[in-house]
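Worksheet: one structure, shown below.
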Amino acid sequence: MPMGYVDLHLHTTASDGVLSPSEIVRYAKAKGLQAIAITDHDTIEGCEEGLSEGEKIGFEVIPGIEISAEHSPGSMHILGFFLDIHHPLLNERLAYLQKARAERNPKIIAKLNQLGIEMTYEEVLKASGGGQVGRPHFANVLLEKKYVRSFQEAFDRFLKKGAPAYVDKLRFTSKEALHFINEAKGVAALAHPNTLGMNGYSELEKLILKLVEEGLKGIEVYYPEHSAAEVAQYKTLAERYGLLSTGGTDYHGIEKNGLDIGVGRGEMKLPYSIIENLKAVRNRFSSAYAEDNDFSRR
Ligand code: AMP
Ligand code: FE
Ligand code: FE
Ligand code: ZN
């Protein structure tokens, strides 16, 4: 049985990460990790390249995603692991999100231009490195062109919700996201619950119960931005409702926020058993799915 550490939350250039899918796989192997999941925001475009690099160099790569779902007051992200990346419904739903983004991005440019900022969409496209274009790429251009002194200032002054160049993004409901993740045989986990903005344990518990009904199978318990108390609380919730405990660093490139793959700030050590548990749930549940859909037995 593999014994090394794993990282189940990573971003590549397919969304707002710094490393390409092949680079991230090679980096993970060089760092001595045992396996990783590629979980880009709202896209699986990096999975194929990551999987084939993994095969080439003998390293386990799990095709995944991180979907932004409708939620307030905070933000809700849902991870999906072991997706069938060729599943038609999954691909159709993601294409719909990409189309919405393609309509949103020029609106952000227009707002920035109205504020007196000289920026073209071509500059942002260039900053995106060819992957999905999002607000972090606008922030990078604002920084490069010295309109702001830091990436964070770009969000605070222009891009964050409520700021003058903010344009809302189309999001699926949790029910919709969990539906297409499950249809594509993925195992869904609630990412970093501390960003939900829930007021206390019972409010979070109520939300988790609703998500379980909608098809949630796990909680991202281990995450660099979770306090020890939060980890304990999420672990209790996972155990109480028979959910998997997952974890990852949310690595986007160490130069972005000091978080490194596999280790975060040095405190993360995620055992391979997390992946074995995910596989067990996936197998149980896709065979149940296959039986449900086996009409010859009826
Ligand atoms: P988008 O999907 O285009 O709305 O961009 C979302 C990404 O922007 C997130 O994954 C974060 O990396 C980044 N982001 C969102 N809000 C903030 C914020 N207030 N400060 C810094 N980065 C943010
Ligand atoms: Fe991100
Ligand atoms: Fe997230
Ligand atoms: Zn993430």
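Of all residue pairs spaced 6 or more apart or on separate chains, those with beta-carbon atoms under 8 Å, a first member in region 250-274 that is assigned by TED's automatic domain parsing to the domain that holds I62 and under 19 Å from P136 (Cβ atoms) and a second member that is among the polar types (S, T, N, Q) and surrounded by 15 or more Cβ atoms within 10 Å (Cβ to Cβ) are L259/T249; D260/T249; I261/T249.
Here V167 meets the list (1) in a loop (DSSP other than H, G, I, E, B); (2) surrounded by fewer than 14 Cβ atoms within 10 Å (Cβ to Cβ); (3) at pLDDT 95 or above almost entirely, failing just condition (2).
Checking the conditions here, which among S68, S15 is touching a residue at least 40 places away in the same chain (Cβ under 8 Å), in the same structural domain as K256 (by TED's automatic domain parsing), within 16 Å of ligand 2 (Cβ to nearest atom) and in a strand (DSSP E or B)? Just one listed residue meets the conditions, S68. Only residues that are open to solvent by less than 30 Å² (accessible area, probe 1.4 Å) and either closer than 13 Å to E60 by Cα or without any contact (Cβ under 8 Å) to a residue 24 or more places away in the chain (or both) were counted across region 22-49, and they come to 10. Within region 108-153, if we keep just the residues that are in contact with a Phe, Trp or Tyr (Cβ under 7 Å, 6 or more places away or on another chain) and open to solvent by less than 30 Å² (accessible area, probe 1.4 Å), the residue that is nearest to L97 (Cα to Cα) turns out to be I108.
One residue is enough: does region 44-64 have a residue meeting the conditions within 16 Å of ligand 3 (Cβ to nearest atom), within 30 Å of E203 (Cβ to Cβ) and in contact with a strand residue (DSSP E or B) (Cβ under 6 Å, 6 or more places away or on another chain)? Checked region 44-64: at least one residue is within 16 Å of ligand 3 (Cβ to nearest atom), within 30 Å of E203 (Cβ to Cβ) and in contact with a strand residue (DSSP E or B) (Cβ under 6 Å, 6 or more places away or on another chain).
Scanning region 245-267 for residues that are touching a strand residue (DSSP E or B) at 6+ places or on another chain (Cβ under 7 Å) and surrounded by 21 or more Cβ atoms within 10 Å (Cβ to Cβ) turns up T246, G247, G248, T249, Y251, I261, G262.
The values are calculated or read from the model by the stated rules, or taken from the named source; none is laboratory data. None of these values were measured; they are calculated from a predicted model. Cβ: placed from backbone, ideal geometry, glycine included. Neighbour counts: every protein chain shown. For the accessible areas, the whole protein counts, side chains as well, though only heavy atoms, and no ligand, DNA or RNA atoms are used. Shrake-Rupley method; radii C 1.70, N 1.55, O 1.52, S 1.80 Å.
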